[in-house]
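Asks: Right, I'll just put the structure down here and ask away after.
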Amino acid sequence: QFVTKVVSCRAAELRPEGGGEPVRGFQVVLEDTILFPEGGGQPDDRGLIGDVPVLRVTRRGPEAVHFVQAALEPGTEVLLSLDWERRFDHMQQHSGQHLITAVAEQMFGFKTTSWELGRQRSVIELDTPSMTAEQIEALERSVNEKIRERVPVVVRELAADDPEIETVRSRGLPDDHAGPVRVVDIEGVDSNMCCGTHVSNLSDLQVIKLLGTEKGKKNKTNLVFLAGNRVLKSIEQSHSTEKALTSLLKNGPGEHVEAVKRLQSSVKLLQKNNLNLLRDIAVLIARDFKSKPVQSQLFVLHRKEGDSEFMNIIANEIGTEETLLFLTVGDEKEAGLFLLAGPAEAVENLGPRVAELLGGKGAGKRGRFQGKATKMSRRGDVQALLQEFISSRSPEA
């Protein structure tokens, strides 16, 4: 916590990180702050000004701008509170990145070109087309040895014209930077120009887990990692998943993979058998209709289980020169598929109207119109429409 004063407060809007409508509120500048504004690959802090939540902190030149949804009177003394859990997580990930970056360059000559502190995991972009499994294992072992050695992490400030700045690892200063230059030292390991928040000793990182690599931009490799409490949370999540799978599969963790493979094979076989049965049922339905002495001009069928092929088999077997077919598959109260088949002119005329009634979309050609429906419960309305169409075309009419 930190006591400070409100310098300015002006109306503003905030665009949510996940998209959506802008949030109305106020940009507040304080005399000083303990909330870190986003920068250097690190997200911003969260906290409270009094009892007002701070939704975003950004940098505007030398100022930190706090976005809140309640106006604060300039000159008012306020208590600023920091969301420590979020801050400490960011400290662990950021110091972890510095350590991994330094050791990767020392061991293999891989330079870091950028990094991202994500919500669940963090990524370091390395200037190398690939990393072997052996290199990842050696790097992980080395950074965790440094953690166990309890190496101090020290912050220094250098004058902008200090010649020592030339010896410090850096990707350059922001264009609007003014004043002294901040340097973060991991004693005997790394010296890096940085604006972010860090632990004071590598032991505070607890442990680092390298999750592997992903293909990055041209000739780059993305190294994915977790540090500190994120490793513990990941293990907890994995253990919960393991327990659930043990209960469902009725075997130990070491047998899970083989059990899932057997289930996949069984499912594929069942799907194949089910498809064959559906084809046979479709043929039988069509033959039953054709065997009747007097065939109706309208054939309507709904089946919960089925697919487009099932409906098309029925249409092929019945033939659509004289009969108008309206076939649907799926849950009666939810979404599904539909097929309208019959004389080309009739289908061309009725297809779009059927799709509209079913709250869906479709397309057609050569006497067939099929698509997806969101309102299967309106099948009765479609049937009434088709019956009315047939009645209006009959000789009696």
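The values are calculated or read from the model by the stated rules, or taken from the named source; none is laboratory data. If you're wondering where the values come from, they're calculated on a predicted model, not measured in any experiment. Note that we place each Cβ from the backbone using ideal geometry, even for glycine, and neighbour counts take in every protein chain shown. Ligands, DNA and RNA are excluded from the accessible area calculation, which covers all protein heavy atoms including side chains. Shrake-Rupley method; radii C 1.70, N 1.55, O 1.52, S 1.80 Å.
Asks: Between 269, 301, which is part of a helix (DSSP H, G or I) and either open to solvent by 100 Å² or more (accessible area, probe 1.4 Å) or touching a residue at least 24 places away in the same chain (Cβ under 8 Å) (or both)? Give the steps one after another, and end with the answer.
Replies: Working: 301 fails: part of a helix (DSSP H, G or I).
Answer to the check: 269.
Asks: Let me ask something else about it. Quick check on my filter: what residues within segment 34-51 are open to solvent by 20 Å² or more (accessible area, probe 1.4 Å) and either more than 23 Å from residue 91 (Cβ to Cβ) or in contact with a helix residue (DSSP H, G or I) (Cβ under 6 Å, 6 or more places away or on another chain) (or both)?
Replies: Correct list: 46, 50, 51.
Asks: Please specify each residue of segment 350-377 satisfying the condition of being assigned to a helix (DSSP H, G or I), of a type outside the set (A, V, I, L, M, F, W, C) and modelled with pLDDT of 90 or more. Step through it out loud before you land on a result.
Replies: Looking only at segment 350-377, we keep the residues that are assigned to a helix (DSSP H, G or I), and these are 350-357, 376-377.
Cutting the leftovers down to of a type outside the set (A, V, I, L, M, F, W, C) gives us 351-353, 356, 377.
Answer for segment 350-377, where residues must be assigned to a helix (DSSP H, G or I), of a type outside the set (A, V, I, L, M, F, W, C) and modelled with pLDDT of 90 or more: 351, 352, 353, 356.
Asks: Among the residues that make up segment 289-296, is at least one of them in contact with a Lys or Arg (Cβ under 9 Å, 6 or more places away or on another chain), open to solvent by 20 Å² or more (accessible area, probe 1.4 Å) and either in contact (Cβ under 8 Å) with a residue 12 or more places away in the chain or outside any helix (DSSP H, G or I) (or both)? Full working, then the answer.
Replies: Going through segment 289-296, the residues in contact with a Lys or Arg (Cβ under 9 Å, 6 or more places away or on another chain) turn out to be none.
Among the residues of segment 289-296, not one is in contact with a Lys or Arg (Cβ under 9 Å, 6 or more places away or on another chain), open to solvent by 20 Å² or more (accessible area, probe 1.4 Å) and either in contact (Cβ under 8 Å) with a residue 12 or more places away in the chain or outside any helix (DSSP H, G or I) (or both), which makes the answer no.
Asks: Now, a different point. Can you find, within segment 79-91, the residue that is most open to solvent (accessible area, probe 1.4 Å) among those that are in contact with a strand residue (DSSP E or B) (Cβ under 8 Å, 6 or more places away or on another chain) and either free of Cβ contacts under 8 Å to residues at least 12 places away in the same chain or closer than 26 Å to residue 229 by Cβ (or both)?
Replies: Step one: filter segment 79-91 for residues in contact with a strand residue (DSSP E or B) (Cβ under 8 Å, 6 or more places away or on another chain), giving 79-83, 90.
Narrowing further to those that are either free of Cβ contacts under 8 Å to residues at least 12 places away in the same chain or closer than 26 Å to residue 229 by Cβ (or both): 80-83, 90.
Numbers: 80: 0, 81: 21, 82: 45, 83: 60, 90: 9 Å².
It comes out as 83.
Asks: Across segment 199-246, what is the total count of residues that are of a type in the set (Asp, Glu) and either in contact (Cβ under 8 Å) with a residue 60 or more places away in the chain or surrounded by 15 or more Cβ atoms within 10 Å (Cβ to Cβ) (or both)? Give the steps one after another, and end with the answer.
Replies: Step one: of segment 199-246, the residues of a type in the set (Asp, Glu) are 204, 214, 236, 242.
Now narrow it down to the ones that are either in contact (Cβ under 8 Å) with a residue 60 or more places away in the chain or surrounded by 15 or more Cβ atoms within 10 Å (Cβ to Cβ) (or both): 204, 214.
Counting residues in segment 199-246 that are of a type in the set (Asp, Glu) and either in contact (Cβ under 8 Å) with a residue 60 or more places away in the chain or surrounded by 15 or more Cβ atoms within 10 Å (Cβ to Cβ) (or both) gives 2.
Asks: Is it the case that residue 156 is assigned by the TED database to the domain that holds residue 95 and open to solvent by 80 Å² or more (accessible area, probe 1.4 Å)? Step through it out loud before you land on a result.
Replies: On the way: assigned by the TED database to the domain that holds residue 95: yes; open to solvent by 80 Å² or more (accessible area, probe 1.4 Å): no.
Criteria not met by residue 156.
Asks: Is segment 326-336 home to any residue that is modelled with pLDDT of 90 or more, in the same structural domain as residue 284 (by the TED database), open to solvent by 10 Å² or more (accessible area, probe 1.4 Å) and assigned to a strand (DSSP E or B)?
Replies: Within segment 326-336 (the criterion being modelled with pLDDT of 90 or more, in the same structural domain as residue 284 (by the TED database), open to solvent by 10 Å² or more (accessible area, probe 1.4 Å) and assigned to a strand (DSSP E or B)), the answer is yes, since at least one residue qualifies.
Asks: Restricting to segment 24-52, give me the number of residues that are within 20 Å of residue 197 (Cβ to Cβ) and under 29 Å from the mean Cα position of the chain (by Cα).
Replies: Count: 14.
Asks: Are any of the residues in segment 11-33 under 28 Å from residue 229 (Cα atoms), modelled with pLDDT of 95 or more, not assigned by the TED database to the domain that holds residue 97 and not hydrophobic (A, V, I, L, M, F, W, C)?
Replies: yes
Asks: Given the conditions (1) more than 26 Å from residue 280 (Cβ to Cβ); (2) touching a residue at least 40 places away in the same chain (Cβ under 8 Å), report the number of the one that residue 378 does not fulfil.
Replies: (2)
Asks: Would you check if there is a residue in segment 62-78 being more than 25 Å from the chain's Cα centre (by Cα), loosely packed, with under 13 Cβ neighbours inside 10 Å and at pLDDT below 95?
Replies: Checked segment 62-78: at least one residue is more than 25 Å from the chain's Cα centre (by Cα), loosely packed, with under 13 Cβ neighbours inside 10 Å and at pLDDT below 95.
Asks: What single numbered condition from (1) open to solvent by 20 Å² or more (accessible area, probe 1.4 Å); (2) part of a helix (DSSP H, G or I); (3) within 17 Å of residue 94 (Cβ to Cβ) fails to hold for residue 107?
Replies: (3)
Asks: Filter segment 110-152 for residues that are in a strand (DSSP E or B) and open to solvent by 50 Å² or more (accessible area, probe 1.4 Å) and give the result. Full working, then the answer.
Replies: Initial filter on segment 110-152 (in a strand (DSSP E or B)): 112-117, 122-126, 152.
Result: 116, single match.
Asks: Continuing with the same structure: Give me the residue from segment 167-187 that is assigned to a loop (DSSP other than H, G, I, E, B) and either modelled with pLDDT of 95 or more or charged (D, E, K, R) (or both) and, out of that set, surrounded by the fewest Cβ atoms within 10 Å (Cβ to Cβ). Spell out how you get there, then give the answer.
Replies: First, the residues of segment 167-187 that are assigned to a loop (DSSP other than H, G, I, E, B): 168, 170-180, 187.
With the extra rule that they be either modelled with pLDDT of 95 or more or charged (D, E, K, R) (or both), the set shrinks to 171, 175-176, 187.
Values: 171: 13, 175: 5, 176: 9, 187: 13.
Across segment 167-187, the extreme among qualifying residues is 175.
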